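A short write-up of the structure that comes next.
Values in this text are rule-based calculations from the coordinates and carry no lab data. Given the structure is predicted, the values throughout are model-derived calculations rather than measurements. Heads up, the Cβs are rebuilt from the backbone with ideal geometry, glycines too, and the neighbour counts pull from every protein chain shown.
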Amino acid sequence: MHQWESLVHLLQLERGCSCAWVASGGKVFEVIIISHRSQVTGLLRLPEHSELRERVTALRSKADDVVRSNADSAELAHAFYETLAGYTDLIASLLDDRTTQPGSFLKGSSSRQVADAFGSLK
């Protein structure tokens, strides 16, 4: 798996764990979320990922803040939606950047196109 594919996959895993973690008020997935965050952080250390790193950090901070605040169920539901929407938007922007090219409907090899399509489905 290429670095970009790994990053998209790991962000998708982090999204799922983060949503469950927020929805539970921090009662589930803490160990798993730490693992996924560490893996994503490792891929985001490169200088060319500084903007992406900032976006991921902001999403994590919002999730962490609501869990630490002992929010009620309505606040957790709202935070769940914001977490899901934030990660989904981030992942979609990565997929869009990778799959669009002026003057071309499809970009890259057939295996690249399949990987992009599969990433969009997750």
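Values for this structure:
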{"item": "Added length on full extension, which subtracts the Cα-Cα distance from 0.36 nm per residue, D64 to H78", "result": "3.6 nm"}
{"item": "J(HN,Hα) series, segment 58-69, from Karplus relation 6.51 cos²θ - 1.76 cosθ + 1.60, nearest Hz, glycine and proline x", "result": "5, 4, 5, 4, 4, 4, 4, 4, 5, 5, 5, 7"}
{"item": "Cleavage-rule hits (trypsin sites (Lys or Arg not before Pro)) in segment 5-56: DSSP loop, at most 15 neighbouring Cβ within 10 angstrom", "result": "K27, R45"}
{"item": "Cα centroid separation, segment 42-83 to segment 1-26 (Å)", "result": "11 Å"}
